[in-house]
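This report concerns only the one structure given below.
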Amino acid sequence: MTNGAVRRIWGLMYRHLMLYKRSWPRLLELAYWPTLTMCIWGLTARFFAARTGSAGTVAFGMLLGGVLLWEIALRSQMGMAISFLEEVWSRNLGHVFVSPLRPWELLATLMSLSVLRTAAGVLPAVALAWALYAFNLFSLGPVVALFAANLMLMGWWVSLGVISLILRHGAGAEALAWSVLFALTPFSAVYYPVSVLPGWAQTVAWLLPSSHVFEGLRAAFVDGGVPYSQIVVAAALNGVWFVVVGALFLREFRAARERGNLLLIGE
Amino acid sequence: MHAIVVDRLCKSFGEILAVNGLDFSVDPGETVGLLGGNGAGKTTTIAMLLGLLIPTSGNISILGHDMARARFAALARMNFSSPYVALPQKLTVAENLRVYGHLYGVRGIEERIATIAEQLGFTAMLKRATGELSAGQKTRVALAKALINRPDVLLLDEPTASLDPDSGDFVRSWLERYRAESGCTILLASHNMLEVERLCGRVLVMKHGRIVDHGSPAQLLAKYGRDDLEEVFLDIARDRNRRIPA
């Protein structure tokens, strides 16, 4: 990466960091939902754990671990898509796209912002889980970082798909930035094993990196081992999805330049 | 070498032919006005020059770079201002200029911001949120953004639209001075005939996506037998009273 690319990426990141500095509701919103979700699921899991003995204690860990890790996928996806939408809402895309910022640098910026937004959103919830329920997500060891990385990658390619649709359909597609990953939650087997899904849904589930991550998480809680095979499959699926969605993005970006959508996208 | 070369440029949106076989060039240091009514194809042409729109056919070369193959090399030496493309409103003026200073790889950003703010008379506004500024102040800031990288080619789309006469005159005077000092090439799309007459050495008049006439403001006035460009514009737009010598 050249110095010029680093400066351009930093320039656009700086624009977003200053936005958060001046807008406390945006900053508060980052941690609001992850913390609220963790509190609700934590209370629910503790209620059941108290009534089901040691099995309930393991289930408590699986559930709360699942909630916190799924928030990583949700926040990384929203973080990237909403950062793009901030440019649409401020009618600034025209200036950004006539600057020397390359499309890949724009994506690198959005991914970097997504990391920061996810950390700002999920880490307070992780700390609160430890404070309220004595649940330490990192007790599973370094494998947690591999789970988190795979879920973050999944959030990014889903977001890339959302941005592609915004490029095609304009701001009318912005609702997808909040909703699309929720639609994948049932297939991601966050709170239950893939085996409880109907046959056709299991097929969908195994195509998603998230289902492998959460199967691996449950295996780690039950066996205490590191489920490398699940992690490798999740990473491979992320690679495949990135290629597929990346091709879609390139096609839609070119189509947007052919149709003039880069100027009209906020209309 | 020309600063801008446009060769047989066409752009269609489905059945609509927005730009139809445009051919022109602009020399370094020249200021050229793009005149035309709404829907004449001015904004579409500027969007293609900036790489925001891919032409249906034809070629664009800016500062020797083919915009289809090497647009980023050209974009680093260009800039653009339009009242229809905003800067983030929550950021202060200085922050916005800092963002674009980084995007264009400007060295000594803080000094550049201080200099340009002083020249354009908004030093006192540097710490104010861009959204709190008046239309005239925003136009100065947008101009500062467009000049942050000391561009060799500047594309201006109606730079004084919605400004009061005093602010409009300030911007026009400043552009005249800047062009004289920097030797910057300017392509200006405007509906303001006085502005075009004052700033442009040459005018390209567009209608239905084509250049239907061109020349210096004085040449066009003589050709149409008119006293001001507004009447020339109306003659062309309405196909009326043409008194063009044979």
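Below are the figures for this structure:
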| quantity | calculated |
| --- | --- |
| In segment B:61-72, the residues that are more than 10 Å from chain A (Cβ to nearest Cβ) and either open to solvent by less than 40 Å² (accessible area, probe 1.4 Å) or among the hydroxyl-bearing types (Ser, Thr, Tyr) (or both) | B:61, B:62, B:63, B:67, B:70 |
| Any chance residue B:85 is within 13 Å of chain A (Cβ to nearest Cβ), modelled with pLDDT of 95 or more and closer than 30 Å to residue B:132 by Cβ | no |
| Segment B:193-219, residues that are among the hydrophobic types (A, V, I, L, M, F, W, C) and farther than 24 Å from residue B:165 by Cβ | B:204, B:205, B:206, B:211, B:212 |
| Residue count for segment B:49-60, restricted to those that are surrounded by fewer than 20 Cβ atoms within 10 Å (Cβ to Cβ) and under 17 Å from the mean Cα position of the chain (by Cα) | 0 |
| Candidates A:57, A:35, filtered to the one that is among the β-branched types (Val, Ile, Thr), open to solvent by 10 Å² or more (accessible area, probe 1.4 Å) and touching a Pro at 6+ places or on another chain (Cβ under 7 Å) | A:35 |
| One residue from B:121, B:105 being of a type outside the set (Lys, Arg), more than 12 Å from chain A (Cβ to nearest Cβ) and either open to solvent by 10 Å² or more (accessible area, probe 1.4 Å) or touching an Asp or Glu at 6+ places or on another chain (Cβ under 6 Å) (or both) | B:121 |
| Matching residues, segment B:73-82, being at the interface with chain A (Cβ under 7 Å from one of its Cβ atoms) and surrounded by 24 or more Cβ atoms within 10 Å (Cβ to Cβ) | B:75, B:80 |
| Given (1) more than 17 Å from residue B:103 (Cα to Cα); (2) open to solvent by less than 40 Å² (accessible area, probe 1.4 Å); (3) more than 14 Å from every other protein chain (Cβ to nearest Cβ), number of the condition residue A:149 does not satisfy | (2) |
| Per-region count, segment A:205-225, residues free of Cβ contacts under 8 Å to residues at least 40 places away in the same chain, more than 19 Å from residue A:77 (Cα to Cα) and open to solvent by less than 50 Å² (accessible area, probe 1.4 Å) | 3 |
| Residue in segment A:162-185 that is of a type in the set (D, E, K, R), open to solvent by 10 Å² or more (accessible area, probe 1.4 Å) and either in contact with a Cys (Cβ under 8 Å, 6 or more places away or on another chain) or within 14 Å of chain B (Cβ to nearest Cβ) (or both) present | no |
| Members of segment A:226-254 found to be touching a helix residue (DSSP H, G or I) at 6+ places or on another chain (Cβ under 7 Å) and either charged (D, E, K, R) or outside any helix (DSSP H, G or I) (or both), listed by number | A:226, A:227, A:252 |
| Unique match (being in contact with a Cys (Cβ under 9 Å, 6 or more places away or on another chain), in contact (Cβ under 8 Å) with a residue 24 or more places away in the chain and either farther than 24 Å from residue B:104 by Cα or open to solvent by 60 Å² or more (accessible area, probe 1.4 Å) (or both)) among B:202, B:172, B:150 | B:150 |
| Count - residues of segment A:188-204 that are open to solvent by less than 40 Å² (accessible area, probe 1.4 Å), over 18 Å from residue A:236 (Cα atoms) and either touching a Ser or Thr at 6+ places or on another chain (Cβ under 6 Å) or modelled with pLDDT of 95 or more (or both) | 4 |
| Unique residue being under 30 Å from residue B:49 (Cβ atoms) and modelled with pLDDT of 90 or more when the list is A:75, A:91, A:102 | A:102 |
| Test for residue B:157: is it at pLDDT 90 or above and crowded, with 19+ Cβ neighbours inside 10 Å | no |
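The values are calculated or read from the model by the stated rules, or taken from the named source; none is laboratory data. Keep in mind that this is a model prediction, so the values were computed, not measured. With ideal geometry, Cβ positions are generated from the backbone for all residues, glycine too; neighbour counts draw on all protein chains shown. Note: areas computed on protein heavy atoms with side chains; ligands, DNA, RNA excluded. Shrake-Rupley method; radii C 1.70, N 1.55, O 1.52, S 1.80 Å.
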